[in-house]
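> Pasting a structure below so you can have a look.
What follows is calculated from the coordinates using simple rules that are stated; it is not laboratory data. Owing to the predicted nature of the structure, the values given are computational and were not obtained by experimental measurement. Neighbour counts run over all protein chains shown; Cβ positions are idealised from the backbone, glycine included.
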Amino acid sequence: MWMIFLASDIGFLLGGFLSGWQIKRGHSAPASRLRIMFISAGLVPISVFIPHAPTLALVIALGMVVAYAHTAWLGNLTALVVDLAPKRILGTAFGVVACGSVAGAFS
């Protein structure tokens, strides 16, 4: 199970690295972060196959991909808020994001 948490750590690091790499290559910060978020969101639906995986190794591997994609998306979402929100309302913007996260957790 520790491998799933390792994949989450890699998602935060690699998601930020990839968007930063794109920014260094001349892309705008919001576009780079949205691109990584789009790719990550495309990986998460494989989670529906986890209950049907025939082996424990495949369950863990699929869980790792989903955990990686989720944290890469989340890290870039956090950075995207900083990129787009004016400094005077940055705290309020993060409050709205946190409220949405809690509302999603209740669903």
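> What does the helix-only formula give at 222 nm for the chain: each DSSP H stretch with n ≥ 4 adding -39500 (n - 2.57), the total divided by the residues, and the result rounded to the nearest 500 deg cm²/dmol?
On the way: 4 runs with 84 residues, N = 107.
Value at 222 nm, helices only, nearest 500: -27000 deg cm²/dmol.
> For the peptides 8-16, 78-86, what is the packing order when you average, over each peptide's residues, the other Cβ atoms within 10 Å and list the highest mean first?
Working: 8-16: 18.2, 78-86: 14.9.
Going from most to least packed, we get 8-16, 78-86.
> Could you rank the peptides 65-71, 35-41 by their average count of other C-beta atoms within 10 Å per residue, with the highest value first? Before the final figure, lay out each step's value.
Working: 65-71: 21.7, 35-41: 17.9.
Put in order of decreasing packing, that is 65-71, 35-41.
> Another question, then. Sequence gap at least 6, Cα distance under 8 Å: using those rules, report the relative contact order of segment 2-106 to the nearest whole percent.
Details: 107 pairs, mean separation 39.6, N = 105.
Here the relative contact order equals 38 percent.
> What is the log10 of I(q)/I(0) for the chain, computed with the Debye formula using one identical point scatterer on each Cα and no solvent, at q = 0.14, 0.22 Å⁻¹?
At q = 0.14, 0.22 Å⁻¹ the computed log10 ratios are -0.63, -1.17.
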